[in-house]
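Asks: Could you have a look at this structure, given as structure tokens, before my questions?
No lab work stands behind these numbers, since they all come straight from the coordinates. Here the structure is a predicted model, which is why all the values come from computation and not from measurement. Here the Cβ positions follow ideal geometry from the backbone for every residue, glycine too, while neighbour counts run over all protein chains shown.
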Ligand code: ADP
């Protein structure tokens, strides 16, 4: 019980901090625009609106992750599996993130022949958002982020890689990053906002969809690889709701 209470307190204090930072920024830029509208040139107005949009997107992602943790903890999360194309689901996510991280180069290296996958499309897009956003957050401006889809060495799965040229992750931290609220201390992590929930959720959701997530990393960057079951190997899981949606 004490443990649960502590966890709940941790959760609320992390989340409050994470919500407050973008909200303060949105309010600040909106107030500046309202009070100094005539004094601001168009370039500044555009810049401020971009920041407001960026921070709003951050809030939306954070709220989605918070709701997921809550549902994962209460086992209320039923996945709705359907047949889908990984390329078609990934492209709009890359476009949204590219819009927020204009100084990174994004490359979509998609194999158009990959088979369809059987997944919960919303959850799949949440996973891709977390991985691609992390690739941008933990790498410097001007670097390249490649999103590569392909057949995998095992015919049961397709492979989706998110490859960055960022700060890298030490092997001894590989297990830690997938646990709740964990962040690895380094100058870039201190600079960027984060709740430490993204990869925790990503791993659980990937495994619930019968997939796997692995990573490789060095000082030159990190590659996260998802293996997602190809559709013909449909696996029925207890609690899974099937839909033709
Ligand atoms: P958050 O980004 O909100 O802190 P995550 O659970 O998504 O939380 O990631 C946990 C930690 O793993 C991050 O704080 C960061 O230290 C590290 N990390 C995640 N992705 C990368 C990456 N692509 N490159 C380097 N470090 C990463």
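Asks: Suppose we keep just the DSSP beta bridges with both residues in the chain; what percent of those would be antiparallel, to 5?
Replies: Taking every DSSP beta bridge within the chain, about 75 percent pair in antiparallel fashion.
Asks: Right, another one. In µm²/s, what is D for segment 2-74 at 37 °C and 0.692 mPa s, where D = kT/(6 pi eta Rh) by Stokes-Einstein and Rh is the Kirkwood radius from Cα pairs? Write down the numbers at each step before the final one.
Replies: On the way: Rh = 14.2 Å.
The calculation lands on 231 µm²/s.
Asks: Taking the Cα atoms only, what angle lies between the long axis of helix 86-100 and the longest principal axis of the chain, rounded to 10 degrees?
Replies: 10
Asks: Expressed as an acute angle from 0 to 90° and rounded to the nearest 10, what is the orientation of the C-alpha long axis of helix 42-73 relative to the principal long axis of the chain?
Replies: Taking the Cα atoms of the chain, the angle to 42-73 is about 40 degrees.
Asks: If I model a spin label at residue 170 and residue 30 as a point 7 Å from the Cα along the Cα→Cβ vector, what separation in nanometres do I get?
Replies: Result for the modelled spin labels: 4.2 nm.
Asks: Here's another thing I want to ask about it. Could you tell me the center-to-center distance, by alpha carbons, between segment 86-123 and segment 11-33 in angstrom?
Replies: 28
Asks: Helix-only mean residue ellipticity at 222 nm, the chain, DSSP H runs n ≥ 4 weighted -39,500 (n - 2.57), per residue, nearest 500. What is it?
Replies: -16000 deg cm²/dmol
Asks: Ratio of Rg to Rh for the chain, alpha carbon only, Kirkwood?
Replies: Details: Rg = 19.2 Å, Rh = 19.4 Å.
Rg divided by Rh gives 0.99.
Asks: Right, another one. Kirkwood-based Rg over Rh for segment 1-135 (C-alpha set), two decimals? Don't jump to the answer; show the numbers that get you there.
Replies: Values: Rg = 19.0 Å, Rh = 17.8 Å.
The Rg/Rh ratio comes out at 1.06.
Asks: A further question follows. What length, rounded to one decimal in nm, is gained on full extension from residue 73 through to residue 20, with 0.36 nm per residue of separation minus their alpha-carbon distance?
Replies: On the way: separation 53, 0.36 × 53 = 19.08 nm, distance 2.38 nm.
Here the segment from residue 73 to residue 20 would lengthen by 16.7 nm.
Asks: What residue among 33, 209, 108 shows peak mean-square fluctuation when the chain is described by a Gaussian network model with Cα springs under 10 Å?
Replies: Taking springs between Cα atoms under 10 Å, the residue moving most is 33.
Asks: Rounding to the nearest 10 and keeping the result within 0 to 90°, find how far the Cα-based axis of helix 2-36 lies from the longest principal axis of the chain.
Replies: The helix 2-36 is inclined about 50 degrees to the chain.
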